[in-house]
1. Please enumerate the residues belonging to region B:95-123 that are under 23 Å from A:K198 (Cα atoms), crowded, with 19+ Cβ neighbours inside 10 Å, facing another protein chain (nearest Cβ under 7 Å) and of a type in the set (S, T, Y).
2. Give, as residue ranges, the helices (runs of 4 or more DSSP H) completely inside region A:164-248 that count at least 3 residues that are of a type in the set (A, V, I, L, M, F, W, C).
3. Quick one: in region B:81-92, of everything that is buried (at least 21 other Cβ atoms within 10 Å of the Cβ), without any contact (Cβ under 8 Å) to a residue 40 or more places away in the chain and of a type outside the set (F, W, Y), which residue is nearest to the other protein chains (Cβ to nearest Cβ)?
4. When you go through (1) under 20 Å from A:G59 (Cα atoms); (2) modelled with pLDDT under 95 one by one for B:G143, which number turns out not to apply?
5. Is it true that some residue in region A:63-73 is closer than 19 Å to A:D211 by Cα, among the aliphatic types (A, V, I, L, M) and at pLDDT below 85?
6. Before we move on, is B:G53 within 11 Å of chain A (Cβ to nearest Cβ) and under 15 Å from the mean Cα position of the chain (by Cα)?
7. Output the number of residues of region B:43-87 satisfying the condition of being within 21 Å of B:R106 (Cβ to Cβ), of a type in the set (S, T, N, Q) and in a loop (DSSP other than H, G, I, E, B).
8. Based on this model, can you work out whether B:V126 counts as surrounded by 23 or more Cβ atoms within 10 Å (Cβ to Cβ), more than 9 Å from every other protein chain (Cβ to nearest Cβ), in contact with a Phe, Trp or Tyr (Cβ under 7 Å, 6 or more places away or on another chain) and at pLDDT below 95?
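The values are calculated or read from the model by the stated rules, or taken from the named source; none is laboratory data. Remember, it's a predicted structure, so these values are computed and weren't measured experimentally. Positions of Cβ are generated from backbone atoms using ideal geometry, with glycine treated the same way; all protein chains shown enter the neighbour counts.
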Amino acid sequence: MKHRVFFLPVTMAAFSLAGATLPTAMGQAPKQHIDVGKLPQQATVVEDIIVPVPSEIFGVLDKLGSPNWHDVVRTETPAVPGARAETALLLGDVIAEGFISVEAQDPEQVKKIGRTVLDLSAAMGVRKAVVARCSAIIEFADKKDWPRVRRELDGTLMDVKQAMTELHDEELAQLVSLGGWLRGTEALTQVVDSNYTKDSAGLLHQPALLDYFQHRLAHMSSRLRNDAVVATVEKRLPEISPLIGEADTDISKQSVEQIRDIVHDLVSAIAPNPN
Amino acid sequence: MKALPKFAIAFLCLTLLLPLPSHATVDDALSFALDAANPYVKEGFTVREDYWGGDLPVKQQKAIVHQLFKGNEYWFWMGTDVENARISVHIYDSDGNLAEVESWQRQHMAAARVVPKTTGSYYLIVEIEKSDRERTHWSLAYGFR
């Protein structure tokens with residue numbers, strides 16, 4: 001396993017509690033309650049958070065039953081866009097598509113995605129960072145070793161973002177995450193809507209992630225924000241916030257459908273049907 | 001061959017007698033976090049290949065926000081390379097209630113397990129409780145199943 005450390009200096013500095021809250025004596029039991037309202041403002045506004053890997057959510061979906069993933073899989077291969085911002089969004093989208101193809105247990109589709117990831121990574125100048133991962137995706141798809149394909153897809157996402165960060169393209173790395181989140185959310189809404197339960201709809205309750213992406217877009221360089229697709233995403237993301245509910249509120253079927261429609265529009269902008 | 005000046009020899013001896021400077025890094029701390037994770041991998045936990053870390057003075061805590069999903073079970077493992085340090089990691093829900101179902105502290109390591117009752121944001125609070133260093137490197141990894 002690769003040993004990789006991501007420093008999150010902004011997060012760490014912003015979230016420093018400096019002993020102002022949560023005093024605990026050495027070795028004592030933890031406090032039963034903390035006042036999150038007294039955390040530094042950045043901690044609640046979400047300056048930075050741990051963005052979960054897609055496997056975390058697809059793992060839960062596995063436990064909820066066996067949706068017809070073949071209905072969710074996208075078979076068309078999107079063309080590589082010219083603009084780097086759009087390529088970054090599409091790269092995240094395609095990696096997320098890989099997870100959906102794994103759920104559908106479709107080796108040919110997974111292999112096709114492995115090759116598309118390689119093409120998009122090449123367009124972003126990070127091909128070298130993902131060659132081994134893409135080979136592994138194809139190899140394990142051939143063997144139908146789905147847990148291993150998932151791990152390699154998680155790793156691909158991480159390696160792509162790390163390579164972009166090393167090239168000082170952090171903002172593009174964030175767009176990769178956003179593209180993946182949008183396609184994953186679209187798939188999730190389709191699955192939840194097809195067999196609605198309060199528990200499955202609850203998986204859409206991701207307000208901190210949504211805040212995080214909105215915050216990142218708002219602080220992106222104008223070069224990227226002026227991209228037509230990025231601008232569309234930035235404009236429409238806030239429409240999702242009121243639909244994903246408070247912690248104690250269920251997300252209705254109607255809200256799931258509204259979220260599905262919004263993210264479908266955005267995913268269609270990111271990965272237009274080539275036909 | 002020219003002999004070294006006396007002051008240079010004295011300096012060299014003094015240098016050799018001094019304790020080696022610490023080259024400890026978050027990577028060293030990470031190796032302990034992964035050691036802590038190892039038994040749980042055998043129980044079916046997938047360890048994410050990303051890690052978080054830094055250095056902290058004693059008694060200063062950090063909070064990290066994390067989106068967790070109901071239906072998963074998570075272990076968070078924290079490590080430090082400092083021999084006699086005591087570290088801790090605890091998990092709180094978005095209302096500030098302690099959410100973990102168990103936690104432990106050992107030499108070089110600490111861990112906490114959570115089975116989220118709801119999908120949403122959680123706060124991971126990490127702390128160096130005791131250390132003889134001014135700042136102590138720490139690293140955090142997590143796994144899920």
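1. Passing the criteria: B:T119, B:S121.
2. Working: elements: A:170-194, A:198-202, A:207-218, A:222-225, A:228-236.
Passing ranges, in order: A:170-194, A:207-218, A:228-236.
3. Ranking the candidates gives B:H90 first.
4. Unmet condition: (2).
5. no
6. Working: within 11 Å of chain A (Cβ to nearest Cβ): yes; under 15 Å from the mean Cα position of the chain (by Cα): yes.
Considered against the rule, which asks whether it is within 11 Å of chain A (Cβ to nearest Cβ) and under 15 Å from the mean Cα position of the chain (by Cα), B:G53 comes out as yes.
7. Matching residues across region B:43-87 total 2.
8. Yes; evaluated as a whole, the condition is true for this residue.
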